[in-house]
Amino acid sequence: MNLNVIRYYFREAVRSIIRNSWLSAASVGTIIISLLILGSTVLLVMNVRYVASSVESSLEITVFLKDDVDEQSLARMEEQIKFVPGVSSVEFISKEQALADLKESFGDKADILSGLEQDNPLPNSFRIKTTSAGLVPEAARQLEKLDGVEQVRYGQGVVEKLLSLTHWVRIWGSLTIVVLGVAAIFLIATTIRMSVFARRREIGIMKMLGATNLFVRMPFMLEGMMLGSAGGLVAVLIINFSYLSLLNKVIVTLPFIRLVDDPVTIYQVLGGLLGLGFAIGALGSAISLRRFLKV
Amino acid sequence: MIQMFNVSKIYNNGVKALNDVTLHIKKGEFVFLVGPSGAGKSTLTKLICREEMPSRGQVVINGRSLARMKSREVPFLRRKIGMVFQDFRLIPTKTVFENVAFALEITGASNKEIKKVVPMVLRMVGLEKKANMLPAHLSGGEQQRTSVARAIVNNPILLLADEPTGNLDPDNSWELMKLFLDINRRGTTIVMATHAWDIVDEMKRRVIALSNGTVIRDEEGGVYGYES
């Protein structure tokens, strides 16, 4: 294949796009919208999981103890807790310490708690950190079985809610993407079909002159790939721009929320979107050529 | 060069176009295919360039059986066969030069080769001065000569013409025949399907007459021989 032929392929592809400019614009638009939705869904899921994992990693289990546990059993319990799978550290919080912490959290209104020193209603407790968030529920179940344990508490619900949110985002996101993706492929196929139709006489002449299948098909393949890549490029630019500005806003207004800002991850997502646009274009034209350009 | 053995062609819609045709055309011959409309002349030319496949029988071109030819080899067969039609089949958006060059581009020829060969061929058909004109601005005769230039630019072994003078006035028809003779003298086999009895009678070449899909006459130096 020489330069002349490659130039010919590109020239013909561009000519076709210009000839069918409205349909071309419609298919590029559909690809843009599908990829925008896909990109935002992926970024949303990634961020929810990221936030969830940072919430999870700060998850603690608090084990409240019965009042009748003596010093000796306390030491023994601490040892037992250390051997529960997933436990990374154990800290004993005495009744007194707990009250002091509570007072501290009330700040200058701490005097409403005065008088509680004589008859401290707060229990002794262990504050336990786990090695991984997934082990928290199981560790909590184990801890409940220990003697002298009154109640075991951890952030029940928070993690589950976050994860079920990503679950639904993923399901609805995937559904929308599939529908829009099929629509995009279909539109590309229609565009290519129109191009083939507009040039059917020329195709007949090419075959008469002995053009190979590749030579006849390549401009149309290229047309689809160019439309797909154009859609992918626009979607990537929009997402890149808006995500970066979102990151900047969040850093200023909600500094305690950490979003995915690793450039490598973001570029992977964007690169994937671009590749997908290209693939949609190629697939659409391949389908169309298979059906409408028997050579 | 062209051999047909007991070839029959029945189209999918049931039309019997050819019935048990056997013929042999040697290299360098100039052959007229004559006969009334629907006699099977066009079908015969389509079988030669493998646009259609015979329902029965064998077509052998240049020693190759077309039935056994793989579809990806067909383009290379067609590059060896130049084709000329009544309706010229030029690409209206391309100039004379570009239309002729297109046949070379398809084969992957280089720009250098195109620039060398196309003017040569255009000179041969007498269109060197109209190289940059679009087909719409040419007379019928000039358009047909452009299509002949395109047909011979790849040095075909065979020139296949289906009613090439059908849209031309007598002067242009004779001009075209002189061109065909010229091409034939260079060794290219020519098969021409035609209704133009005056041309056939004047040229005194081999005439194969078809009627209802069968060969009814095949004679050297023949005449058209139908009531016109």
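The values are calculated or read from the model by the stated rules, or taken from the named source; none is laboratory data. All values reported here derive from a predicted model rather than from experimental measurement. Heads up, the Cβs are rebuilt from the backbone with ideal geometry, glycines too, and the neighbour counts pull from every protein chain shown. Ligands, DNA and RNA are excluded from the accessible area calculation, which covers all protein heavy atoms including side chains. Shrake-Rupley method; radii C 1.70, N 1.55, O 1.52, S 1.80 Å.
Within the shell defined by Cβ-Cβ distances under 14 Å, the residues around A:Ile128 carry a net charge of -1, with Lys and Arg each +1 and Asp and Glu each -1. A Förster distance of 41 Å, applied to the separation of the beta-carbon atoms of A:Val45 and A:Leu102, puts the FRET efficiency at 0.60. Here the convex hull built on the C-alpha positions of the protein assembly as shown has a volume of 218 cubic angstrom per residue. What a 1.4 Å probe finds exposed on the protein assembly as shown is 58% carbon and sulfur by accessible area, rounded to a whole percent. Once the convex hull of all Cα atoms in chain B is built, its volume per residue stands at 126 Å³. Pull out a ≥ b ≥ c, the square roots of the eigenvalues of the alpha-carbon gyration tensor of the stretch A:131-239, then state rounded if a/c is under 1.5, prolate if not and a/b is larger than b/c, and oblate in the remaining case. Cα axes put the stretch A:131-239 in the prolate bin. Amide hydrogen proximity for B:Arg217: with H placed 1.01 Å from N in the peptide plane, the residues at 5 or more positions away or on another chain lying under 5 Å are B:Ala209.
Rounded to the nearest 20 debye, the dipole size of the protein assembly as shown about its Cα centre is 3940 debye, using +1 on the Cβ of Lys and Arg and -1 on the Cβ of Asp and Glu.
Over all other residues within a Cβ to Cβ distance under 10 Å of B:Ala17, the charged ones net out to +3, with Lys and Arg as +1 and Asp and Glu as -1. Projecting the Cα atoms of A:Leu209, A:Trp172, A:Ile266 onto the dipole axis of the protein assembly as shown, where Lys and Arg carry +1 and Asp and Glu carry -1 at the beta carbon, places A:Leu209 farthest toward the positive end.
The contact residues of the stretch A:210-242, meaning those that lose at least 40 Å² of 1.4 Å-probe accessible area when all protein chains sit together rather than their chain alone, are A:Gly210, A:Thr212, A:Phe215. Within the same chain, aspartates and glutamates fewer than 8 places from B:Lys178 are excluded, and of the rest, those with a Cα less than 19 Å from its Cα are B:Glu29, B:Glu128, B:Glu142, B:Asp162, B:Glu163, B:Asp169, B:Asp198, B:Asp201, B:Glu202. Per-residue mean of foreign Cβ neighbours for B:102-110 is 6 (Cβ atoms of other chains, 10 Å radius).
Listed cross-link partners B:Lys26/B:Lys130; A:Lys207/B:Lys26; B:Lys80/B:Lys204; B:Lys26/B:Lys129 are compared with a 31 Å cut-off, the Cα-Cα value being larger for B:Lys26/B:Lys130; B:Lys26/B:Lys129.
Counting lysine pairs in the stretch A:60-154 that sit 8 or more residues apart in sequence, or on different chains, and whose Cα atoms lie under 15 Å apart gives 5. Relative to the dominant Cα principal axis of chain A, helix A:263-292 is inclined by about 40°. With respect to chain A, whose longest principal axis is taken over its alpha-carbon atoms, helix A:213-253 is tilted by about 30°. In summary, the aspartates and glutamates within cross-link reach of B:Lys9, defined as a Cα separation below 17 angstrom excluding same-chain residues under 8 places away, comprise B:Asp20, B:Glu51, B:Glu52.
Between B:Val125, B:Val191, B:Val117, the residue with the greatest mean-square fluctuation in the GNM of chain B (Cα pairs under 10 Å linked by springs) is B:Val117.
Based on the alpha-carbon gyration tensor of the stretch B:129-228 and its eigenvalue square roots a ≥ b ≥ c, which shape applies: rounded if a/c is under 1.5, prolate if not and a/b is larger than b/c, or oblate? Since a/c reaches 1.5 and a/b is larger than b/c, the shape of the stretch B:129-228 is classed as prolate. Computed on chain B, with alpha-carbon pairs under 8 angstrom and 6+ residues apart, the relative contact order is 28 percent.
This model, with +1 at the C-beta of Lys and Arg and -1 at the C-beta of Asp and Glu, gives the stretch B:139-228 a dipole about its Cα centre of some 460 debye. Take each residue of peptide B:150-162, count the partner chain Cβ atoms within 10 Å of its Cβ, and average: the result is 1.
Placing +1 on the Cβ of every Lys and Arg and -1 on the Cβ of every Asp and Glu, with no other charges, gives chain A a dipole of roughly 3740 debye about its Cα centre. Find which of A:Thr190, A:Phe220, A:Gly39 sits farthest along the positive direction of the dipole of the protein assembly as shown, computed with +1 on the beta-carbon of Lys and Arg, -1 on that of Asp and Glu, about the Cα centre. Going by the charge dipole, the pick is A:Phe220. The C-alpha atoms of chain A define a longest principal axis, and helix A:95-106 lies at about 60 degrees to it. Could you work out the per residue convex hull volume over the alpha carbons of the stretch A:60-154, in cubic angstrom? Each residue corresponds to 93 Å³ of Cα convex hull volume. Summarising the label geometry, the points placed 7 Å from Cα in the beta-carbon direction at B:Leu134 and A:Leu247 lie 5.2 nm from one another.
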